[in-house]
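First the structure, in the form of structure tokens, and then the observations on it.
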Amino acid sequence: MAKKGLIIVIEGLDGAGKTTVAKWLVEYFRSRGYKALYTYEPNESLFVDALKKHGDVRSAELDALAYAADRLVHVRKVILPAIEDGYIVIVDRYYYSSIAYQGAQGAPIEWVMEVNKYAVKPDLAIYIDVDPVTGLERLARESNRKPRFPEYEKINLLKKVREIYLSLVERGELIFIDGSRDLESVKQDVLNTILSRFRSWFST
Ligand SMILES: Nc1ncnc2c1ncn2[C@@H]1O[C@H](COP(=O)(O)OP(=O)(O)OP(=O)(O)O)[C@@H](O)[C@H]1O
Ligand SMILES: [Mg+2]
């Protein structure tokens, strides 16, 4: 039987560097001969489109439910089959995003956790920390960018999101990485965290 893979989640505010780091990790692991997959949430446009279609009745709770449904499909159709097949799966946002963003918008955090309880716990979840201003400034520098979720890119909301992420770090749910440094340092720090955490996985 093939060795089971790993689920590694990358979390953080808008512009923290999640997608850049996640895609780089996948390239790195592939270049070392491992099977690696980049995937992201929200995953399927179906659920996101439903939220946009019903924008007039949107709320933190409705968002949380739609993302939880999207997540369960993503877990069952993409993530679990890949780890059974031995892939290192790098997931760009996961249920911690629901806890942090929908929590910041007023959904009860314990309830958000409850509706996500059927989503498999990842082997490791990394939080790349930046302050909201830095994150949004980075995104503003991208010329052709069309944000998927402009409604979340507001400083006051992101300050609350960051507080919740930091509380998850304190609870031991997320591993803290300082994302305010140069990109190369952030990448190496994330990589070293993964390699040291799964030393025996990589050596067998
Ligand atoms: N440590 C860093 N220093 C400077 N620039 C960075 C750093 N990390 C990422 N960037 C740049 O910031 C921009 C945003 O990065 P990226 O798209 O990876 O963020 P993200 O966390 O995926 O954001 P989003 O939540 O909006 O998807 C990119 O142009 C990227 O090159
Ligand atoms: Mg991204």
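Bear in mind these aren't lab numbers, they're just calculated from the coordinates by the rules spelled out. This one's a predicted model, so the numbers in the text were calculated from it and none came from an experiment. So basically every Cβ, Gly included, is an ideal-geometry build from the backbone, and we count neighbours across all protein chains shown.
Taking θ = phi - 60°, what integer Hz values does the Karplus form 6.51 cos²θ - 1.76 cosθ + 1.60 yield along the range 173-190, in sequence order, with x for Gly and Pro?
Couplings: 7, 10, 9, 7, 10, 7, x, 7, 7, 4, 4, 4, 5, 5, 4, 5, 5, 5 Hz.
If one takes the longest principal axis of the Cα atoms in the chain, at what angle in degrees, from 0 to 90 and to the nearest 10, does the Cα axis of helix 155-170 lie?
40 degrees
Can you give the charge dipole size of the chain about its Cα centre, rounded to the nearest 20 debye, using +1 on the beta carbon of Lys and Arg and -1 on the beta carbon of Asp and Glu?
On the way: 30 positive and 29 negative charges, 120 e Å.
It comes to approximately 580 debye.
Take peptides 160-169, 181-190, 6-15, 49-58 and line them up by average Cβ neighbours within 10 Å, highest first, as a rough protection proxy. Walk me through the numbers on the way to the answer.
Values: 160-169: 18.5, 181-190: 14.7, 6-15: 25.1, 49-58: 10.9.
Going by the mean number of other Cβ atoms within 10 Å, highest first, we get 6-15, 160-169, 181-190, 49-58.
If the cut-off is a Cα-Cα distance under 14 Å, which aspartates and glutamates reach Lys4, setting aside same-chain residues fewer than 8 apart in sequence?
Partners found: Glu84, Asp85, Asp123.
Gain in length, Glu170 to Lys77, computed as 0.36 nm per residue apart minus the alpha-carbon separation, to one decimal in nm?
Full-extension gain reported as 30.3 nm.
If the viscosity is 1.002 mPa s and the temperature 20 °C, what translational diffusion coefficient in µm²/s does Stokes-Einstein give for the range 6-203 when Rh comes from Kirkwood over Cα pairs?
125 µm²/s
For helix 60-74, what angle does its Cα long axis make with the longest principal axis of the chain, in degrees from 0 to 90 and rounded to 10?
30 degrees
Could you sort out which of Lys23/Lys53; Lys77/Lys187; Lys18/Lys117; Lys77/Lys146 sit more than 25 Å apart by Cα distance in this structure?
Table pairs above 25 Å Cα-Cα are Lys23/Lys53; Lys77/Lys187; Lys77/Lys146.
Relative contact order of the range 6-203, please, whole-number percent, based on alpha carbon pairs below 8 angstrom and at least 6 residues apart.
Details: 274 pairs, mean separation 62.5, N = 198.
In percent, rounded to a whole number, it is 32.
Could you pull out which residues in the range 13-46 have an amide N less than 11 Å from a spot 7 Å beyond the Cα of Lys52, following the Cα-Cβ vector?
Only 45-46 pass the distance filter.
Provide the percentage of antiparallel DSSP beta bridges, counting only those with both residues in the chain; round to the nearest 5.
Expressed as a percentage, antiparallel bridges in the chain total about 0.
Within the range 120-137, which residues have the backbone N less than 11 Å from the label spot 7 Å out from Trp201 along Cα→beta-carbon, could you tell me?
Zone members listed by number: 122-125.
For Ala125, list long-range residues whose amide hydrogen, built 1.01 Å from N in the peptide plane, is under 5 Å from its own amide hydrogen.
Val9, Ile175
Report, ordered by chain and residue number, the aspartates and glutamates lying within cross-link reach of Lys52, taken as a straight Cα distance under 17 Å and ignoring same-chain residues fewer than 8 apart.
Glu41, Glu44, Glu61, Asp63, Asp70, Glu151, Glu153
Positive end of the charge dipole of the range 6-203 (Lys, Arg +1 and Asp, Glu -1 on Cβ, about the Cα centre): tell me which of Ala119, Tyr28, Ala68 has its Cα farthest that way.
Tyr28
Output ³J(HN,Hα) for the range 21-30: one whole-Hz value per residue in order, computed from phi by the Karplus curve 6.51 cos²θ - 1.76 cosθ + 1.60 with θ = phi - 60°, and x for Gly and Pro.
Values, residue by residue: 5, 4, 5, 5, 4, 4, 4, 4, 5, 4 Hz.
Quick one: 3J(HN,Hα) in Hz for the range 77-82, Karplus 6.51/-1.76/1.60 with θ = phi - 60°, rounded, Gly and Pro as x.
8, 10, 6, 5, x, 5
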